[in-house]
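A.B. asks: Pasting a structure here, questions to come.
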Amino acid sequence: MTDAETGAALDPGGFADRIATEMATLDSELTEIELLVQQARSEADRHEMKRSQTADRVATMRGAATPNTVDLAEATGQLVQLTRRAVMMESQVDVLQGKQKALGRYRQALERYGAELRGVAVGGGWSAAGGHAGGLAGGLAGGLAALGPGAGPDDGDLPAAVSRLILTAQEDLRRDIARAMHDGPAQSLTNIVLQAQIVDRLVDRDPVLARAEVKALIAMVQTTLEATKSFIFDVRPMVLDDLGLVPTIRRAARERGRRAQVVVDFDSLGSDRRLAMELESGMFRMIDQALAGYLATAPQRVVIRLDWADQVEARIAAVSDLPAAKPDEALPAVDATTPAHLAQMIGERRSTPSAEVAAAPDHALPAKAWREILQRAGTLGVVAELLAGGTEVRLVTQATIDEGPAEPPPAAAAAPLDEV
C-alpha cells in the first residue's frame with residue numbers, strides 16, 4: 001500500500017461519510033422495527049383482551065350450578081390457545097424492543113464517532129494533530145504488514161486475520177446460545193406442546209381431568225416464561241442499558257442466590273453513576289462471573305460491595321459462618337483420679353481441631369472463572385486482585401466515570417422482558 005493509498009484510506013472525511021451512510025441505514029431499520037413493535041403490541045393487547053374475556057367466561061361456567069361440560073371444555077381449550085398466543089406475542093414485543101434499544105445505542109455511538117471525525121477533517125486531517133497522522137497511518141500500515149500478505153483492507157474490508165478472529169468469536173457465541181436454547185426454553189416448549197395435546201385428548205372424554213391438566217399446562221407456561229426471562233438476562237440484561245450497574249447487579253444477586261439457595265448480600269456505597277457502555281458491561285460480567293463461581297462452591301453466603309468514590313471498587317467474597325471451636329477450657333481437667341480411657345479421649349480432643357473447622361469447605365474462586373475475569377479486566381484496563389486465599393475478588397476501575405445523565409427509556413415503551 002502506497003503512502004497516498006494509506007492517506008486516502010485514513011481520510012477522516014471519507015470515514016465520516018461512510019458513517020453517515022451506515023446511520024441512514026440504521027434509521028431505516030429502526031423505523032421498520034418501530035412499526036413491527038407497534039403491530040406486535042397491538043396483537044399482544046388484542047390476544048390478552050380475548051384471553052381475559054375467555055378466562056372470565058370459563059370462571060362463570062365453572063361457577064354455574066349445572067355447568068355444560070361440552071361448552072366448558074371448548075372454552076377451556078380456547079383459553080389454553082389464547083394464553084399461549086398472548087405469551088408468544090409478549091415475548092415477540094420484548095425481543096423487538098431489545099433489538100431496537102441495541103440498534104439505538106449503536107446509532108448513538110456512530111453519530112458520536114462521525115462528529116469527531118468531521119471535527120478532525122475540518123481541522124486539517126490527521127496531519128494537523130501534531131504528527132498524529134503519520135503515527136496513526138504508519139502504525140496501521142505496519143500492523144497490516146505484520147498480518148501477512150492478503151491481510152490488507154480491500155475497499156474498507158477488515159484484515160483477514162482480524163476478520164477470522166471476529167467470525168470465530170461470533171460462531172462460538174452462536175453455538176453457546178443455541179446450546180442454551182436447546183437445553184432450556186426449547187425443551188420446555190416441547191413439554192408444553194405435549195401437555196397441550198394431552199389436554200386436547202381429555203377435553204371430550206374427561207372434562208374434570210382435563211381441567212387439572214389445564215392447570216398443569218398454565219404452570220408449565222409460567223415456568224417456561226420465567227426460564228426465558230432468566231435466559232435473556234444471562235445473554236444480555238436489558239436493565240443494564242436502561243438503569244445501569246447497580247440495579248442489574250441487584251437483580252443478578254437476587255436471581256442467582258435464589259436458584260443456588262444461597263444468601264447473597266449486596267450493598268452499594270455512595271452515589272452510583274453511569275459508566276461508559278463497554279466498562280459498565282465489563283464490570284457487570286466480571287462481578288457476575290465471580291458471583292457464579294463462588295456460588296458453585298456452595299458457601300453459606302456471598303457478599304458483594306460496590307464503592308462509588310473517585311474510582312469504582314467492587315468486592316465479591318464467599319463467606320462461611322461456621323461456629324467457633326470450643327476452647328480447651330470447656331473440657332474437664334485431667335488428674336490422677338480420671339479414668340485412663342477418659343483421659344485419652346480428652347487429650348485427643350484437645351490436640352485435634354473441632355469437627356466444624358476440619359470440615360470447613362474450600363470456597364476459593366474456580367480457576368476458569370478467574371482466568372476469564374483477568375482476560376476481561378486486562379482488555380478494559382480494570383485492576384483485578386484475588387484476595388483471602390481466593391475467597392475474595394477485588395475490582396477497581398481506573399477509567400473516568402461518565403457524569404452525563406443516563407438516557408431515559410422511551411415513555412411509550414413497555415417494560416423489558418427481564419423486568420416483567
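The values are calculated or read from the model by the stated rules, or taken from the named source; none is laboratory data. As the structure is a prediction and not an experimental result, all values here were calculated from the model. Please note: Cβ atoms are built from the backbone with ideal geometry, for glycine as well, and neighbour counts cover all protein chains shown. Surface accessibility is based on the protein's heavy atoms, side chains included, excluding ligands, DNA and RNA. Shrake-Rupley method; radii C 1.70, N 1.55, O 1.52, S 1.80 Å.
A.B. asks: Just to be sure I understand the filter: pairs with C-beta atoms under 7 Å, separated by 6 or more residues or on different chains, first member in the range 38-60 and in contact (Cβ under 8 Å) with a residue 40 or more places away in the chain, second member open to solvent by 60 Å² or more (accessible area, probe 1.4 Å). Which pairs pass?
C.D. replies: Final answer for the pair search is Ala40/Gln92; Ala44/Glu90; His47/Arg85.
A.B. asks: Could you figure out which of (1) at pLDDT 80 or above; (2) of a type in the set (Gly, Ala, Ser); (3) over 30 Å from Gly98 (Cα atoms) isn't true of Ala196?
C.D. replies: (3)
A.B. asks: On to the next question. Using beta carbons and a limit of 9 Å, which pairs, at least six apart or on different chains, have the first residue in the range 90-102 and aliphatic (A, V, I, L, M) and the second one surrounded by fewer than 18 Cβ atoms within 10 Å (Cβ to Cβ) and not in a helix (DSSP H, G or I)?
C.D. replies: Val93/Ala414; Ala102/Arg236
A.B. asks: On to the next question. Take the conditions closer than 19 Å to Ala86 by Cα, open to solvent by 60 Å² or more (accessible area, probe 1.4 Å) and of a type in the set (Lys, Arg) and apply them to Lys215. Does it pass?
C.D. replies: Numbers: closer than 19 Å to Ala86 by Cα: yes; open to solvent by 60 Å² or more (accessible area, probe 1.4 Å): yes; of a type in the set (Lys, Arg): yes.
For Lys215, the condition - closer than 19 Å to Ala86 by Cα, open to solvent by 60 Å² or more (accessible area, probe 1.4 Å) and of a type in the set (Lys, Arg) - is met.
A.B. asks: Are any residues in the range 293-322 assigned to a strand (DSSP E or B) and open to solvent by 40 Å² or more (accessible area, probe 1.4 Å), and if so, which ones? Can you show your working first?
C.D. replies: Let us first name the residues in the range 293-322 that are assigned to a strand (DSSP E or B), namely 301-308, 312-319.
The answer is Arg301, Arg305, Asp307, Glu313, Arg315.
A.B. asks: Next up: Tell me, which residue of the range 226-262 that is closer than 19 Å to Ile316 by Cα and not in a helix (DSSP H, G or I) is most open to solvent (accessible area, probe 1.4 Å)?
C.D. replies: Gln261
A.B. asks: Within the range 165-182, take every residue that is over 21 Å from Arg18 (Cβ atoms) and either among the aliphatic types (A, V, I, L, M) or over 26 Å from the mean Cα position of the chain (by Cα) (or both) and give me the one that is modelled with the lowest pLDDT.
C.D. replies: The first filter runs over the range 165-182 and keeps only residues over 21 Å from Arg18 (Cβ atoms), leaving 165, 167-182.
Applying the additional criterion that residues be either among the aliphatic types (A, V, I, L, M) or over 26 Å from the mean Cα position of the chain (by Cα) (or both) yields 165, 167, 169, 173, 177-178, 180-181.
On the way: Leu165: 69, Leu167: 75, Ala169: 73, Leu173: 73, Ile177: 76, Ala178: 77, Ala180: 75, Met181: 75.
Residue satisfying both the conditions and the ranking: Leu165.
A.B. asks: Looking at the range 341-348, can you tell me whether even one residue there is in a strand (DSSP E or B) and modelled with pLDDT of 70 or more?
C.D. replies: Of all residues in the range 341-348, those in a strand (DSSP E or B) come to none.
No: the range 341-348 contains no residue that is in a strand (DSSP E or B) and modelled with pLDDT of 70 or more.
Residue-by-condition table, conditions (1) open to solvent by less than 70 Å² (accessible area, probe 1.4 Å); (2) in contact with a Gly (Cβ under 7 Å, 6 or more places away or on another chain); (3) over 30 Å from Ala75 (Cβ atoms); (4) assigned to a helix (DSSP H, G or I):
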position	(1), (2), (3), (4)
Arg164	no, no, yes, yes
Thr168	no, no, yes, yes
Asp172	yes, no, yes, yes
Met181	no, no, yes, yes
Asn191	no, no, no, yes
Ile198	yes, no, no, yes
Leu202	yes, no, no, yes
